[in-house]
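Asks: Mind looking over this structure? Questions follow.
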Amino acid sequence: MVRSSAGGLSALAHGYDPELCPSSHAASDVLERFSSSVKPRSVISLPAVTSVRVFLFILVALMSVWVLFPILTRSNHEPVAAHSLQSVPRMSWTANLHLGQPNWRSYTLRQAAQALAVDGILIVCTVSHPYMPFLNNWLISLAKYNRHQAVLIIAEDYTTLDFVNSRWPGHSVLIPPASSETTSLRFGSQGFFNLTARRPKYLLEILELGYSVLYNDVDMVWLADPFSYFKNNREVYIIDDMALLKTEYHSHALPPPGKKGRTYICSCMLFLKSTEGAKLLMRTWIEELKERQWSPSVKTNDQPAFNWALNKTAGQVDVYLLPQVAFPSGGLYFKNDSWRKETENKHVIVHNNYVVGFDQKIKRFRAHNLWFVELDAGLSPLAEKGG
Ligand SMILES: *[C@@H]1O[C@H](CO)[C@@H](O)[C@H](O)[C@H]1NC(C)=O
Ligand SMILES: *[C@@H]1O[C@H](CO)[C@@H](O)[C@H](O)[C@H]1NC(C)=O
Ligand SMILES: *[C@@H]1O[C@H](CO)[C@@H](O)[C@H](O)[C@H]1NC(C)=O
């Protein structure tokens, strides 16, 4: 099961990037080495029938322990009971690996949050399987600043859930119902709306569990560690999606509404403290989405509703607009070369938007040396173990 889902993804990823799942025959190598080292010895050391019986008895006893031990420990220990991070889901679940994968379908958001949060903070993204190469690229960029341990990938389909947890146990959870989409969802489609409309519900649930959360779209990359920007004790940190260049020391308040009567804040990157204000914003976003459903004439997504939620909760939520120079939109970063060069060491998270389509996004990342799945594949937490 592990093999087949990983293989399926590697085939899928192939169209975008053959490097995502570098093919490795580590497991079969190990098996070969194992059998070649065991066979000769067992053949040599069989002098009498009695010793064969003793040998078989010991073998059976050992195998029972080997099989039963994980079953017993599994029923007693929730996978995520402890607080320390990286090692927890890995240790308890890998004990079961030789029995096949544990049942990740019953892994809950609460368990995952408990296992993964660092200092009460989770780093969250939502992913459907066509986005796997982007997920990998984003993860590698986080690994450079050693922040990946707190990442929780909310899978929109079982392919993603199984793949991530087979490579990186405990780092993905699926909140039912799973999406049945098998093709990539184009920006502006109803499927894209449906998928993105689930985001505020996930985020609200995390806040209600008592965790703060940094949400990122996976077509972003980190060029520096963003956490120093979240220290002035505000409730919600947002970034502007405008391409228009602002002065370097612009206001950090919610900008004035634009032409459509609302702001253009990006729902692609949010840092939310687990406070009443942040929860109110999420609830209002959910309400606004209900009133602003997708239709063939208004091909909306989750972002206008988010901006109306900011408008309606203004004064009740302590919102902080992050500096544009550190968190530029793709419309600024990728389109204004002179600006990008002048501000080179000030960029923190870059969004590959203002371009539509996977191929275009990858081409652009490559052109700017940001397609880390090729440049730094070894840093990926999803890299095949032992490969
Ligand atoms: C999106 O959701 C609506 C309402 O729940 C549903 O009727 C529609 O079939 C969904 N469309 C897609 C493409 O997922
Ligand atoms: C909210 O939107 C309305 C309509 O565009 C606008 O008049 C008002 O100034 C906005 N409020 C804030 C706080 O931005
Ligand atoms: C691009 O950036 C430069 C600063 O480097 C600025 O003067 C110019 O107005 C920007 N161009 C656009 C189209 O925003």
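None of the figures in this text is laboratory data; all of them are computed from the coordinates on show. Since the model is a prediction, treat every value here as computed from it, not as a measurement. All Cβ positions, glycine included, derive from the backbone under ideal geometry; neighbour counts span all protein chains shown.
Asks: Going by average Cβ density within 10 Å per residue, which order do the peptides 208-216, 109-117 take, highest to lowest?
Replies: 109-117, 208-216
Asks: Ok, one more. Picking from Val173, Phe193, Trp222, whose Cα lies most toward the positive end of the charge dipole for the range 109-379 (charges on Cβ: Lys, Arg +1; Asp, Glu -1)?
Replies: Of the options given, the answer is Phe193.
Asks: Order these peptides, 156-163, 273-280, by their mean beta-carbon neighbour count within 10 angstrom, highest first.
Replies: Details: 156-163: 22.5, 273-280: 18.2.
Peptide ranking by packing, descending: 156-163, 273-280.
Asks: Right, next: Give the order of Phe365, Phe227 when sorted by the count of other beta carbons within 10 angstrom, beginning with the fewest.
Replies: Values: Phe365 23, Phe227 15.
Listing Phe365, Phe227 from fewest to most nearby Cβ atoms yields Phe227, Phe365.
Asks: What list do you get for Thr300, Thr126 if you sort them by fewest beta carbons within 10 Å?
Replies: Listed from fewest to most nearby Cβ atoms, that is Thr300, Thr126.
Asks: Do the alpha carbons of any pairs in Lys144/Lys273; Lys273/Lys346; Lys201/Lys260; Lys279/Lys341; Lys144/Lys299 sit beyond 32 Å of each other, and which pairs? Working shown, then result.
Replies: Numbers: Lys144/Lys273 24 Å; Lys273/Lys346 24 Å; Lys201/Lys260 25 Å; Lys279/Lys341 38 Å; Lys144/Lys299 37 Å.
Distance filter (> 32 Å) returns Lys279/Lys341; Lys144/Lys299.
Asks: To continue, here is another question. Could you give the dipole magnitude of the range 230-271 about its Cα centre, charging the beta-carbon of Lys and Arg +1 and that of Asp and Glu -1, in debye to the nearest 20?
Replies: Details: 6 positive and 4 negative charges, 27 e Å.
The calculation lands at about 140 debye.
Asks: Here's something else I'd like to know. Through the Karplus equation 6.51 cos²θ - 1.76 cosθ + 1.60, θ set to phi - 60°, convert the phi angles of the range 358-373 into ³J(HN,Hα) values in whole Hz; use x for Gly and Pro.
Replies: 4, 4, 5, 5, 5, 4, 5, 4, 4, 4, 9, 6, 10, 8, 5, 4
Asks: Another question about this same structure. Quickly rank 283-290, 147-154 as a protection proxy: mean count of other C-beta atoms within 10 Å, highest first.
Replies: Those peptides, ordered most packed to least, come out 147-154, 283-290.
Asks: Hey, fewest Cβ within 10 Å first, where do Arg340, Arg234 land in order?
Replies: Going from least to most buried by this count: Arg340, Arg234.
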